[in-house]
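Shown next, in structure tokens, is the structure this report addresses.
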Amino acid sequence: MSHVSDINSAYQKLNARANTLYEFVILYHNYIYAHHTYENEHFNMMEIHTLTYIEDSPGITATELAKIWHKSKSAISQVIKN
């Protein structure tokens, strides 16, 4: 019986950690996609990070950015267009 109890206890601990991690991921996602004001312009963090990456990597293509950011090429092109 104690073996089952040990497994149950371990599961509860891991499940609590997984829930905490899940909550963090949701909060972080909401934060990076929320609009923020930078010098009177409204951008989300994903847009800012993409533009910063472009500035730091002259000549990088939308296709390369799409691979790096795990986004579609059209999503990256939309960020650049905006």
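Within the bounds of region 27-44, is there any residue that is modelled with pLDDT of 90 or more, of a type in the set (A, V, I, L, M), loosely packed, with under 11 Cβ neighbours inside 10 Å and under 21 Å from the mean Cα position of the chain (by Cα)?
yes
Among GLU64, GLU23, which is the only one that is surrounded by 10 or more Cβ atoms within 10 Å (Cβ to Cβ), without any contact (Cβ under 8 Å) to a residue 12 or more places away in the chain and within 14 Å of the chain's Cα centre (by Cα)?
Only one candidate passes the filter, namely GLU23.
Somewhere in region 47-67, is a residue in contact with a Ser or Thr (Cβ under 7 Å, 6 or more places away or on another chain), under 19 Å from TYR28 (Cα atoms) and not assigned by TED's automatic domain parsing to the domain that holds LEU27?
no
Count, please, the residues in region 6-47 that happen to be in a helix (DSSP H, G or I) and touching a helix residue (DSSP H, G or I) at 6+ places or on another chain (Cβ under 9 Å).
Matching residues across region 6-47 total 6.
The values are calculated or read from the model by the stated rules, or taken from the named source; none is laboratory data. Nothing here was measured: the structure is a model prediction, and the numbers come from that model. Neighbour counts run over all protein chains shown; Cβ positions are idealised from the backbone, glycine included.
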